[in-house]
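Inspection log for the structure reproduced underneath, given as structure tokens.
The values are calculated or read from the model by the stated rules, or taken from the named source; none is laboratory data. Everything quoted here is computed from the prediction, not taken from an experiment. Backbone-built Cβ (ideal geometry, glycine too); neighbour counts: all protein chains shown. The area values use the complete protein model at the heavy-atom level, side chains included, leaving out ligands, DNA and RNA. Shrake-Rupley method; radii C 1.70, N 1.55, O 1.52, S 1.80 Å.
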Amino acid sequence: MSRKLRLWYRRPAEIWEEALPIGNGRLGAMIFGKTREERIQLNEDTVWSGKPIEREKPDAAKYLPKARELLFQGKYAEAEKLVEERIMGLRLERGVHTYQMLGDLRLTFEMEGDISDYERELDLEEAIARVTFKAGDVPFKREIFASYPDQAIVVRLEAGKPGALTFEARLIRERDASVEIVEPDRVILKGHVNGGNGVRFEAQLKLIPEGGELKAVEGGLRLEGGNAATLLIVAGTDYRGKDPHDLCEWWMSVASSKGYDELKRRHVEDYQRLFKRVELDLGETEADELPTDERLKRVQEGEEDPGLITLYFQFGRYLLISSSRPGCMPANLQGIWADGFSPPWNADYHLNINLQMNYWPAEVCNLSECHEPLFELIEALRPRGRITAKKLYNCGGFVAHHTTDAWYFTAPIGKAVYGMWPMGAAWLCQHLWEHYLFTGDEEFLRRKAYPIMKEAAEFFLDYLVEDPKTGRLVAGPSNSPENRFRTPDGEIASLTMGPTMSHQIIHDLFTNCIDAAEILGVDEEFRERLRETLRKLAPMRIGSDGRLMEWPEEFEEPEPGHRHISHLFGLHPGKMITPRHTPALAAAALRSLQYRLEHGSGHTGWSRAWIVNFFARLEDGERAYEHLLELLRRSTLPNMFDNHPPFQIDGNFGGCAGIAEMLLQSHAGEIHLLPALPKAWRSGRVKGLRARGGFEVDIEWEEGELKEAVIRSSLGGVCRVRTPIPVEVEGAEAKPVEGENPNPFFKVHPAEEVEMRCSPSTLKPVEAREGYLIEFETSPGGTYVLRAATSSCRRS
């Protein structure tokens, strides 16, 4: 087997951050790989404490005009105090809810002799964790996977000598649970989270021996003298109103009706249907044969390893498949893998970048189905979001703030610096629109996406107010996520009227709604109202030092290297700012990014991943690659999990998306091949990336130059492509490029207005890569090959 697409190690995991993750979207496990005392830590995606609670203050809306008045007057600290005391939601007793572990499977083995030839791996090709070793002269092998089609975690234990497999198996949870042994072959773990303040849950273990004697022991099961054994684990909760025992009985009956080979076959076929869609090859080195932790250590010591970047990319795709499948909860701050009962930040859903970043790879990396749990969460936020919109702001539509949990609260909680940010639902709506742009699923747009987007936009039509100084519409009170500024009188504050990110998100939402309504042929009056509001919305501003301003005024920043770089939303994941359509704003965004980095930004894993995407959008492959290396060197744990610190999975997904963004972009009105290819990736190929408009793209390059690209069209229509060299198209006739792309999937809405507070000479232009534009007509199901042209082509 090739070592290129597996994580592997020569020793067991000593800590959780070294264990290897498996998952089927709903069930997850962390495999330690210990030889005699194995721990397999278990998760189920609905094991949550808490319940729906009322958080909104009943009279909050009456204080909103006063808060705005104070902010317009520059009394920022006073306004912030009022907002926190009178408007922000309640953190009631027992009101902080958290995701929790399900429990542990503990396996205690009896074996003789010293351990040798040890190896553990996570095979990304098959989504199977393996452990192999010898005890004395007896070889042992384990395979563990989480099956989506059969909704079970499957553990296979084999001994290379007849009768050499003796072990005990137990399900353990340190609190809120009891264990029952159902002879001859089953263990049941059941309980009620937080002593009743949470879900009821159950897990079942069934041990299927091959040879030997199976019997019940205290707290578990014991197999003596076996040849092999298959362990099945199922689990469920009452989160969706069903009895967890009934769920477990059903799932166990389904899984146990199949033999191990059949379970494995069904699992691998299901997983590879998704994983095999995309291939990436960035070249081979001798490091490909080394254990993963040794490779990572080498990179952290300054070496480069293109194969490790390939592995990181495919590991990101593996994690999304394993933590987000249709019918499951969306991937939380830790995906589905969390140890203990109080994981960092409750392993909840942070809406001010983290949850969104989890899903950046979904479409471009050809895992569109894995996006579906996020859409269900957005839908689930609507009922409570309407209540929050009305009670806090006296507005229609629906709203959500910086965080939510399994109970879908939408009120702002905590401190104003992070909590008073009513943009969560609006940003999430971008994912609905992006799913349509990549798939062309008009039924999805009509049935699900557009109604949600419209309702989110309706909130902001009511929420925006006129700035008495400028007459322009502004959003507020709102923060620029988690960042603060120093007021002219020296106080530290976080709330303003009209922070840049808020307006960028509103612009994104409104233009997407306009385009969606036009495609569906509905809501003409609503479209015009959105257009008129956009014309009145306060524009982005470039400060006197050439930076894109984060707030309406040029405030001093107490933390100039802040991890959030929120005012660059319009660059990524938005598309208001591009090097070609808005060169001044792109230059200002670059200056803002440089300033942040000069002061230490990127110190968290997810922040560094976002920076990779920023530089990719600025078509700076060298800087994107530099920060990709920094992501590996500074923010990657031994098991390749992202390190905030502590572990937080968003950086894995953001880094994966950033690699794709370096190779293919389609947000700016065209498909752009190799927009940010670094010199270090001299030759390589990628297969199966997705572009907006229903296109699938393969790219091969040699010595830094495009060799061949294959574009497959699922929807038909005009395909406009930017290439680094002149190309000709096999399968279609290339046409001259004129004006805006007629393909509606490639409509762009760059910022049309900017307020400059600096001389244009202050701005150093972004050096966008030169390229060539071609355009050709495609048909549904058509395949088109692009190769170096023998005749001239228009440079643009």
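Summary table
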item: Residue among PHE569, THR533, TRP610 farthest towards the positive dipole end of the stretch 525-645, charges placed on Cβ; result: THR533
item: Carbon and sulfur %, accessible surface of the chain computed with the full protein complex present, 1.4 Å; result: 46 percent
item: Hz values of 3J(HN,Hα) by residue in the stretch 457-473 - Karplus curve (6.51, -1.76, 1.60), Gly and Pro given as x; result: 5, 4, 4, 6, 4, 7, 7, 5, 10, 7, 6, x, 7, 10, x, 8, 7
item: Förster radius 41 Å - calculated FRET efficiency between GLU376 and ILE208, Cβ distance, rounded to 0.05; result: 0.75
item: Within the stretch 668-714: Cβ-based charge dipole about Cα centre, in debye rounded to nearest 20 (Lys, Arg +1; Asp, Glu -1); result: 200 debye
item: Long-range Cα-Cα pairs in the stretch 673-727 (distance over 15 Å), rounded percent; result: 47 percent
item: Translational diffusion coefficient (Stokes-Einstein; Kirkwood radius from C-alpha pairs) of the stretch 1-55 at 20 °C, 1.002 mPa s, in µm²/s; result: 156 µm²/s
item: Dimensions in Å of the stretch 239-374 - Rg and Dmax from alpha carbons; result: 18.4, 54
item: Packing-based order for 308-321, 131-144, 668-681, using average beta carbon neighbours within 10 Å, highest first; result: 308-321, 668-681, 131-144
item: FRET efficiency for GLU524 and VAL217, using Cβ-Cβ distance with R0 set to 41 Å, rounded to 0.05; result: 0.05
item: Lys/Arg +1, Asp/Glu -1 at C-beta; the chain dipole; positive extreme among TYR625, LEU124, ALA426; result: ALA426
item: FRET efficiency estimate (nearest 0.05) - Cβ-Cβ, ARG273 to LYS415, R0 45 angstrom; result: 0.50
item: Debye intensity ratio I(q)/I(0), log10, the stretch 337-443, q values 0.11, 0.23, 0.24 Å⁻¹ (C-alpha model); result: -0.37, -1.26, -1.31
item: Calculated from backbone phi, Karplus (6.51, -1.76, 1.60) coupling profile of the stretch 119-127 in Hz, x at Gly/Pro; result: 7, 10, 8, 10, 7, 6, 5, 10, 6
item: Interchain or long-range residues, amide H under 5 Å from ASN352's placed H; result: none
item: Convex hull volume of the stretch 702-796 per residue (C-alpha atoms, cubic angstrom); result: 134 Å³
item: Using θ = phi - 60° and Karplus 6.51 cos²θ - 1.76 cosθ + 1.60, couplings along the stretch 587-601 (whole Hz; Gly, Pro as x); result: 5, 5, 5, 4, 5, 4, 5, 4, 4, 4, 5, 4, 10, x, 5
item: Rg [Å, one decimal], Dmax [Å, integer] - the stretch 410-476, C-alpha atoms; result: 15.2, 45
item: Long-range tail of P(r) for the stretch 45-106 (Cα pairs > 13 Å, %); result: 70 percent
item: The chain, accessible area per residue, ligands and nucleic acids excluded (1.4 Å, Å²); result: 35 Å²
item: Rounded to whole Å, sorted largest first: equivalent-ellipsoid semi-axes of the stretch 724-771, Cα gyration tensor; result: 33, 18, 8
item: Positive dipole terminus of the chain, leading residue within GLY74, GLY385, ILE699 (C-beta point charges); result: GLY74
item: Tail beyond 17 Å, pair distance distribution of the stretch 103-193 (Cα, percent); result: 61 percent
item: Where only alpha carbons of the chain are counted, the Rg and the Dmax (Å); result: 27.1, 85
item: Per-peptide average of other Cβ atoms within 10 Å, ordering 577-590, 756-769 highest first; result: 577-590, 756-769
item: Accessible surface of MET662 - all protein chains present, 1.4 Å probe, nearest 10 Å²; result: 0 Å²
item: Cα-centred dipole magnitude for the chain, charges only on beta-carbon of K, R (+1) and D, E (-1), debye, nearest 20; result: 1280 debye
item: Relative packing of peptides 74-83, 608-617, 650-659, 348-357 - highest average C-beta neighbours within 10 Å first; result: 650-659, 608-617, 348-357, 74-83
